[in-house]
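The values are calculated or read from the model by the stated rules, or taken from the named source; none is laboratory data. Quick caveat, the model's predicted, so the values are computed rather than measured. Methodologically, a virtual Cβ is constructed for each residue, glycine included, from the backbone with ideal geometry; neighbour enumeration extends over all protein chains shown.
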Amino acid sequence: MQKSIFVAAWEDFMTKKFLAITFLPFIITFVLFAAFFWGAGGQMIHILSQLAQNPNAIHNPDIAQFAQNHPWLVDLVSSWIVKTLLGTLVAILGTLLAILLSTAVATMVMGFFTPYVVKEIHKRHYAHIPLSGGLSTLEHLWLLAKTLLKAIGISFLALVLYFIPLLNAIALNIPFYYLFHSLMSLDVGGEIMRAKELETFLKKYRLKIMSTTAILYLITLIPLAGTLLQVYFVSVMAHLFFRLKAQ
């Protein structure tokens, strides 16, 4: 009996190659952003200490003049308690900003690995299924533009539901789910089939594909899961498309 696409994709995801693709972009960008924010925060605390000791040590006449006019304020912000609180705040906010920015960057970077993930899934499990060549750059851009326009149209159609309690939570997710479903189908299917074949394929297996992307979309609603599991999502869709194509 064939394994579930979710189980098969998870086993692929837990390999060294896929884990490296998932976490390396996040870790590298996190370290860079964290170093920047923590360094900036440390510099700010150092400046406050200098101001308390000697306002003229700051080579900025406006800041030095402000410190001389308000010595009590400088003493307050440079006190041990305030510096400790400020240092803690900088560390927390710096870490959060570093996580958010590194998450955004890592998500964009991981998007470029979709072709590699699809080909790796094909090589491991479905080498007997021929690839049709995939979409050209122009075809991909054209379908992407159509998808974005449709998502905008759906957003306007769902606008009336945004003001109805309970329904607004569902309505808010409709355009985002459509975008997620379409982009996942386009990115993965576009590596396996040409435009006309992909269009026919998506119509023929619409319900099966939508039921799969709906489960994946619900997972993205879990904090950070939508970012850290991008490779897993691509793996699930690749397994699904290859199995449907083999039918």
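Here are the numbers for the structure shown:
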| item | result |
| --- | --- |
| Any hit, the stretch 179-193, residues being within 30 Å of Gln2 (Cβ to Cβ) and more than 22 Å from the chain's Cα centre (by Cα) | yes |
| Residue check for Thr212: among the polar types (S, T, N, Q) and surrounded by 20 or more Cβ atoms within 10 Å (Cβ to Cβ) | yes |
| Single residue of the stretch 136-157 satisfying the filter (more than 24 Å from the chain's Cα centre (by Cα) and surrounded by 11 or more Cβ atoms within 10 Å (Cβ to Cβ)) that is farthest from Leu172 (Cα to Cα) | Ser136 |
| Among (1) under 14 Å from the mean Cα position of the chain (by Cα); (2) modelled with pLDDT of 85 or more, the one test that Leu228 misses | (2) |
| Answer residue from the stretch 119-135, given it is assigned to a helix (DSSP H, G or I) and touching a residue at least 12 places away in the same chain (Cβ under 8 Å) and is surrounded by the fewest Cβ atoms within 10 Å (Cβ to Cβ) among those | Arg124 |
| Counted residues, the stretch 206-247 - those being over 16 Å from Leu183 (Cα atoms) and not in a helix (DSSP H, G or I) | 5 |
| Residues that are modelled with pLDDT of 70 or more and aromatic (Phe, Trp, Tyr), drawn from the stretch 22-35 | Phe23 |
